[in-house]
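A.B. asks: I am attaching a structure below and will ask some questions about it afterwards.
The values are calculated or read from the model by the stated rules, or taken from the named source; none is laboratory data. Worth saying up front: this structure is predicted, and the values here are computed from it rather than measured. Glycine gets a Cβ as well: all are built from the backbone with ideal geometry, and neighbour counts include every protein chain shown.
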Amino acid sequence: MMLVLDLDGTLFDTSARWNECEKLANGNKRMFWECYQSPRFMNLDKPKWEVIEFVKQLIEEKEPEVIAVVSGRSEKQREATLKQLSEIGIEPNEVVLRGEKDFRKDHEFKRDAVRRLKEKYDQNKVIVIDDSDAVLEYLGKEGEVEVIDAKKIAKRERKENTNTL
């Protein structure tokens, strides 16, 4: 079994980086994406501990043969991304980031990445955790791919915590 994880919006809250880049870009879409897809403000990203703990528990229970991160982040962000993953205690076998000139929609990029990883590691069963409805819908149509919505993990954790009070 292979576990595939998303980063932005799933393992990390990137809203502070997003807001900083929006302020800096002042409406210039290209400048915004250049900022957001750079390591410049990645130090503002905050771990989403409820999702991270869920992932760690899943790893413990399911013992996946392969753990991969597939993210729309740019290759320019690789070093900072690896540092972030290390800081939250997740050590993937592979990290797939978007190439410099790859402008495909996120769900297309991730579908192709998951297909390549399945083939490379000879995996039939895949669990994908992502926060994008389009990615979840698209990958959910792939054979042998189970999708988990990261947004529901956070809600489930909060609900369980309030039920124990």
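A.B. asks: Which residues, taken from segment 96-128, are at pLDDT 95 or above and over 22 Å from GLY143 (Cα atoms)?
C.D. replies: Across segment 96-128, the qualifying residue is only LEU97.
A.B. asks: So if I check each of LYS46, LYS76, which one is under 22 Å from ARG98 (Cα atoms) and out of contact with any helix residue (DSSP H, G or I) (no Cβ under 9 Å at 6 or more places or on another chain)?
C.D. replies: LYS76
A.B. asks: For segment 99-122, enumerate the residues that are in contact with a helix residue (DSSP H, G or I) (Cβ under 7 Å, 6 or more places away or on another chain) and under 25 Å from GLU63 (Cα atoms).
C.D. replies: LYS110, ARG111, VAL114
A.B. asks: Quick check: anything in segment 28-42 of a type in the set (Asp, Glu), in contact with a Phe, Trp or Tyr (Cβ under 6 Å, 6 or more places away or on another chain) and crowded, with 16+ Cβ neighbours inside 10 Å?
C.D. replies: No, segment 28-42 contains no residue that is of a type in the set (Asp, Glu), in contact with a Phe, Trp or Tyr (Cβ under 6 Å, 6 or more places away or on another chain) and crowded, with 16+ Cβ neighbours inside 10 Å.
A.B. asks: Read through the list (1) surrounded by 14 or more Cβ atoms within 10 Å (Cβ to Cβ); (2) touching a strand residue (DSSP E or B) at 6+ places or on another chain (Cβ under 8 Å); (3) modelled with pLDDT under 95; (4) of a type in the set (D, E, K, R), then give the number of the only condition that LYS48 fails.
C.D. replies: (3)
A.B. asks: Let me ask something additional. Need pairs with beta-carbon distance below 9 Å; first residue in contact (Cβ under 8 Å) with a residue 24 or more places away in the chain and within segment 19-32, second surrounded by 12 or more Cβ atoms within 10 Å (Cβ to Cβ) and basic (Lys, Arg); sequence gap 6+ or separate chains.
C.D. replies: GLU20/ARG40
A.B. asks: Considering each residue of segment 42-71, count those that are within 14 Å of the chain's Cα centre (by Cα), among the basic types (Lys, Arg) and within 24 Å of VAL114 (Cα to Cα), and give that number.
C.D. replies: Qualifying residue count, segment 42-71: 1.
A.B. asks: Scan the strands (runs of 3 or more DSSP E) fully inside segment 1-111 and keep the ones with 3 or more residues being at negative phi and among the small types (Gly, Ala, Ser).
C.D. replies: Because the criterion is at least 3 residues that are at negative phi and among the small types (Gly, Ala, Ser), the strands (runs of 3 or more DSSP E) in segment 1-111 that meet it are 66-74.
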